[in-house]
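Written below as structure tokens is the structure these notes are about.
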Amino acid sequence: MATTPAPDTTTAPPFWDRLIPSPPQGLPIGDELAAIASDAAHRASKLLRMHESADHAQASRSDEPAPGPLDPVTDLVRLLRHTSDKGTVETAAARAGLRTGQLRTLRAAFAFHGEAGVRAVLHCAEVDPSNLEHAARQLASVRSHTRTPLHCRHNRITDLDAGIQLRLVDDTWYPFTRTPQNGWAPARGAAQLPTAAYSAARLATRSRGA
């Protein structure tokens, strides 16, 4: 009966004498890994405290789904929320496939409204058209040029003449103002009332022009 010969290991160097292969390009360096590990530990500690302090009966209700994980872009913005180093931001944007200006917009949205603000920038959702129509009628009380029609599409109401856009996400209106490049920049003042969010956007526009 034929037997398979044992592999010859007498000529192979021990693993501690072998060269360590270089890591693939694009992986985090030491300082970045330390920052990620520190952030992960902080989040884990925070989640544990929340879990321990949560009411058991409330936590066990089946009609309240647990919050899902953050999408990679939102999590990246969260990780960079305290970063001021321009090189780090540019590198992070390149790795994420974003322009630096796009990442700057997302960081501003996070600073104003947290994760929900980032969702307002990224996601263009379909909502009940009646919600937009009702909000558009409410805005007549705060607009100075009511004869100019508003553009209602998806989850957004746009006032082109005023350079203001409102975006509805989870029953909250998020204000945006038009940039010189004809883009939209997030502003402070998210509110459940569209009139309040519109007034916040108008204030941001006036402050920028002052």
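For this structure, a couple of remarks:
- Only a single item in (1) in contact (Cβ under 8 Å) with a residue 12 or more places away in the chain; (2) under 21 Å from residue 193 (Cα atoms) is not met by residue 137, and it is number (1).
- Condition met for residue 120 (more than 19 Å from residue 74 (Cβ to Cβ) and either touching a helix residue (DSSP H, G or I) at 6+ places or on another chain (Cβ under 6 Å) or surrounded by 18 or more Cβ atoms within 10 Å (Cβ to Cβ) (or both)): no
- In the set 141, 130, only one residue is open to solvent by 40 Å² or more (accessible area, probe 1.4 Å), over 24 Å from residue 112 (Cα atoms), at pLDDT below 95 and in contact with a Ser or Thr (Cβ under 7 Å, 6 or more places away or on another chain); that residue is 141.
- Pairs where the first residue, in segment 88-101, is in contact (Cβ under 8 Å) with a residue 60 or more places away in the chain and under 12 Å from residue 72 (Cα atoms) and the second is of a type in the set (A, V, I, L, M, F, W, C) and assigned to a helix (DSSP H, G or I), C-beta under 7 Å, 6+ apart: none
- Filter result for residue 78 (at pLDDT below 90, open to solvent by less than 30 Å² (accessible area, probe 1.4 Å) and part of a helix (DSSP H, G or I)): yes
- Only one of the numbered conditions (1) under 22 Å from the mean Cα position of the chain (by Cα); (2) farther than 25 Å from residue 75 by Cβ is not met by residue 113, and that is (2).
The values are calculated or read from the model by the stated rules, or taken from the named source; none is laboratory data. If you're wondering where the values come from, they're calculated on a predicted model, not measured in any experiment. Quick reminder, even Gly has a Cβ in these numbers, built from the backbone with ideal geometry, and neighbours come from all protein chains shown. To get the accessible areas, we keep the full protein, side chains included, count just its heavy atoms, and leave off ligands, DNA and RNA. Shrake-Rupley method; radii C 1.70, N 1.55, O 1.52, S 1.80 Å.
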